[in-house]
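Handing you a structure now.
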Amino acid sequence: MRNCYALFCKMNFTPQKKILTFTVKLLIVSAAFYFIYNQLVTNDKLDWTKFTSLLKEKQSILGILFLLSFSVVNRYLEILKWQNLVSILKPITVGEATKQVLAALTAGIFTPNGLGEYAGKALYFEKIKTKKIIFLNLICNCIQMLLTIFFGAIGLLILGYWKWAFSIFSLSIIFCIVSFLSKNIKIKGYSIQKLIHKINEIPKPIHQKNILLGTLRYLVFSHQYYFLFLAFNVDLPYLTMMATIATVYFLASSLPSFQFLDFAIKGSMAVFFFGKLGVNEWIVVFISMLMWFLNVVLPVVIGSYYVLKFKPKWK
């Protein structure tokens with residue numbers, strides 16, 4: 001009798017669960033598109049007349065495809081990073097990794113620092129694996145952040161911001177020393193020693209591949225930024241340009257933000273540093289907007305499809 005009642009309840013509430021799931025998915029996609037539209041339409045720093053005239057002047061299908069290819073490779077490398085890390089739990093195809101990465105990106109676009117991305121990926125796995133998936137996603141993002149800090153510090157040195165670069169290196173050393181000395185101190189049941197142990201549980205080849213893919217990804221999107229400046233006739237030495245890009249990405253990534261505000265934050269940083277090099281403000285703003293459009297908006301549009309098709313593993 002009890003089993004029959006449980007089955008009845010399940011049958012009774014399944015339609016409601018489906019409606020709720022669909023509503024949540026629709027809200028995520030709608031919110032993502034609203035935030036994108038809001039940034040493109042209401043930003044008073046974007047002079048669309050100048051941008052349109054420049055596009056007409058430099059019409060080049062090959063040039064557009066060339067710049068678009070950087071976005072494809074950039075996101076593909078991120079997909080490979082995720083596939084590589086998740087393989088310690090279970091092997092997944094590139095197609096599955098693509099679905100998880102793009103859907104999670106869509107879910108994280110309107111959450112602080114993309115926190116929704118963690119939940120988005122976890123929902124593709126059994127509930128029992130949630131903590132492990134969140135941890136792996138943290139590792140995936142941390143290596144990219146560490147590379148951003150590393151290249152950013154070098155960029156500051158090249159540009160002559162010695163004090164800033166020295167401060168970063170000093171803080172990094174202090175952090176390492178404090179972490180080593182306080183590795184047994186627990187915060188909410190977790191210790192640095194336990195965290196290090198969990199990181200060491202991941203096979204070295206996985207870590208090495210993660211670092212390699214992260215480095216390649218950094219080089220891809222930073223050079224996409226570089227070629228966009230060339231397309232806008234910005235003539236600066238290669239080393240100066242790359243150092244400035246590295247500095248902008250490092251300082252912008254250090255600030256808490258939402259994905260949909262990404263180009264506004266990077267744009268303001270870029271205006272400051274490239275302004276010192278004599279680059280017109282509107283060019284810097286538009287390049288920042290294009291980087292955001294190519295590397296966030298387009299993947300979110302594709303990710304929206306995966307969000308709507310999503311079927312949760314949780315039960």
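Once you've got the Cα coordinates, tell me which of K99/K132; K132/K311; K266/K311 are over 24 Å apart.
Flagged as over cut-off: K266/K311.
Give me the net charge of V94's neighbourhood, meaning all other residues with Cβ under 12 Å from the Cβ of V94; Lys, Arg count +1, Asp, Glu -1.
Here the charged neighbours net out to +1.
Here is a further query. Grab the Cα-Cα distance for W162 and T215, subtract it from 0.36 nm times how many residues apart they are, and report the gain in nm with one decimal.
Length gained, W162 through T215: 16.7 nm.
Any of K163/K204; K127/K209; K131/K209; K163/K194; K121/K209 with alpha carbons more than 24 Å apart? Name them for me. Let's see the in-between values first.
Numbers: K163/K204 35 Å; K127/K209 27 Å; K131/K209 22 Å; K163/K194 34 Å; K121/K209 20 Å.
Distance filter (> 24 Å) returns K163/K204; K127/K209; K163/K194.
Along Cα→Cβ, 7 Å out, is where each label goes; now give me the distance between the ones at I174 and K204 in nm to one decimal.
With each label point 7 Å from Cα toward Cβ, the separation is 3.3 nm.
Just so you know, all these numbers are worked out from the coordinates, no wet-lab data involved. Values in this document were obtained by computation on a predicted structure and should not be read as measured data. Methodologically, a virtual Cβ is constructed for each residue, glycine included, from the backbone with ideal geometry; neighbour enumeration extends over all protein chains shown.
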